[in-house]
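Report on the structure given below.
The values are calculated or read from the model by the stated rules, or taken from the named source; none is laboratory data. Only a predicted model underlies this, so the values are computations on that prediction, with no experimental measurement involved. All Cβ positions, even for glycine, are placed from backbone atoms using ideal geometry, and neighbour counts span all protein chains on display. SASA here: full protein model, heavy atoms, side chains in, ligands and nucleic acids out. Shrake-Rupley method; radii C 1.70, N 1.55, O 1.52, S 1.80 Å.
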Amino acid sequence: MRSLVFLLLVALTSAKVYQRCEWARVLKNNGMGNYNRNSLADWVCLTKWESNYNTQATNHNTDGSTDYGIFQINSRWWCDDGRTPGSVNVCGIKCSELLTDDVSLAITCAKRIVRDPNGIRAWVGWRNHCANRDLSPYLAGCGL
């Protein structure tokens, strides 16, 4: 019985790594197509380069903050990880909530981030790999 409970807990906390078109459909179904003047392709490109569509991706930054989840949301400004000094937590969530297969909080927080003056440029991955580029390949073959 203990092993069954353990296996269920492991299954519940395992990472979800989306396929490109699967992720595009999730984003579209959650209102991200043209959200705040950013195309669905912008979001798919951004998350490809930030996390490779992995809900449990983390990255430790040189300033002591950490980026969490499929959008790589930063603990200095957007979520609370209990470790980042001076965390603002604008999204009002625990960073650990960004590492689950339920991406609804991550999407809600990403929507909040993109309404900030920096907009989608807040993400380095978008600036370096998506800005001023043809993003049509990110939706190619998805039927969207």
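Kindly provide the set of residues from region 91-116 that are crowded, with 16+ Cβ neighbours inside 10 Å and in a loop (DSSP other than H, G, I, E, B), ordered by number.
CYS91, ILE93, THR100, VAL103
Looking at region 117-139, which of its residues are assigned to a loop (DSSP other than H, G, I, E, B), open to solvent by 50 Å² or more (accessible area, probe 1.4 Å) and not basic (Lys, Arg)?
Passing the criteria: PRO117, ASN118, ASN132, ASP134.
For the structure I just gave you, tell me whether GLY31 is closer than 23 Å to LYS16 by Cα and open to solvent by 70 Å² or more (accessible area, probe 1.4 Å).
On the way: closer than 23 Å to LYS16 by Cα: yes; open to solvent by 70 Å² or more (accessible area, probe 1.4 Å): no.
It is false that GLY31 is closer than 23 Å to LYS16 by Cα and open to solvent by 70 Å² or more (accessible area, probe 1.4 Å).
Output the qualifying pairs, or none if there are none: Cβ atoms under 7 angstrom, residues six or more apart or on different chains, first residue in region 91-113 and free of Cβ contacts under 8 Å to residues at least 24 places away in the same chain, second residue open to solvent by 60 Å² or more (accessible area, probe 1.4 Å) and among the acidic types (Asp, Glu).
Taking only residues 6 or more apart or on different chains, the pairs are LYS94/ASP80; LEU105/GLU97.
Quick one: which of SER75, SER51 is free of Cβ contacts under 8 Å to residues at least 40 places away in the same chain, small (Gly, Ala, Ser) and farther than 20 Å from TYR138 by Cβ? Lay out the reasoning, then the answer.
Working: SER51 fails: farther than 20 Å from TYR138 by Cβ.
Exactly one residue qualifies, and that residue is SER75.
Would you mind telling me which numbered condition in (1) farther than 16 Å from SER51 by Cα; (2) within 15 Å of the chain's Cα centre (by Cα); (3) touching a residue at least 40 places away in the same chain (Cβ under 8 Å) LEU135 fails?
(2)
Quick check on my filter: what residues within region 114-132 are in contact with a helix residue (DSSP H, G or I) (Cβ under 6 Å, 6 or more places away or on another chain) and in contact (Cβ under 8 Å) with a residue 24 or more places away in the chain?
Step one: filter region 114-132 for residues in contact with a helix residue (DSSP H, G or I) (Cβ under 6 Å, 6 or more places away or on another chain), giving 114, 120-123, 125-127, 129-130.
Those that are in contact with a helix residue (DSSP H, G or I) (Cβ under 6 Å, 6 or more places away or on another chain) and in contact (Cβ under 8 Å) with a residue 24 or more places away in the chain: VAL114, ILE120, TRP123, GLY125, TRP126, HIS129, CYS130.
Please name all residue pairs, on different chains or six or more residues apart, with Cβ atoms under 6 Å, provided the first residue is in region 56-70 and is within 18 Å of TYR18 (Cβ to Cβ) and the second residue is among the basic types (Lys, Arg) and open to solvent by 50 Å² or more (accessible area, probe 1.4 Å).
Nothing qualifies.
Against the conditions (1) at pLDDT 95 or above; (2) assigned to a loop (DSSP other than H, G, I, E, B); (3) open to solvent by 50 Å² or more (accessible area, probe 1.4 Å), where does VAL88 fall short? Just the number, please.
The failed condition is (1).
Collect the residues in region 37-55 that are polar (S, T, N, Q) and farther than 13 Å from TYR18 by Cα, keeping them in residue-number order. Break it down into steps so the answer makes sense when it comes.
Filtering region 37-55 for residues polar (S, T, N, Q) gives 38-39, 47, 51-52, 54-55.
Of everything in region 37-55, those that are polar (S, T, N, Q) and farther than 13 Å from TYR18 by Cα turn out to be ASN38, SER39.
Checking TRP78 against (1) surrounded by fewer than 18 Cβ atoms within 10 Å (Cβ to Cβ); (2) in a loop (DSSP other than H, G, I, E, B), only one condition comes out false. Which one?
For TRP78, the failing item is (1).
Only residues that are among the acidic types (Asp, Glu) and either more than 13 Å from GLU97 (Cα to Cα) or surrounded by fewer than 19 Cβ atoms within 10 Å (Cβ to Cβ) (or both): list them for region 34-75, please. First the steps, then the outcome.
Let us first name the residues in region 34-75 that are among the acidic types (Asp, Glu), namely 42, 50, 63, 67.
Listed by number, the residues that qualify are ASP42, GLU50, ASP63.
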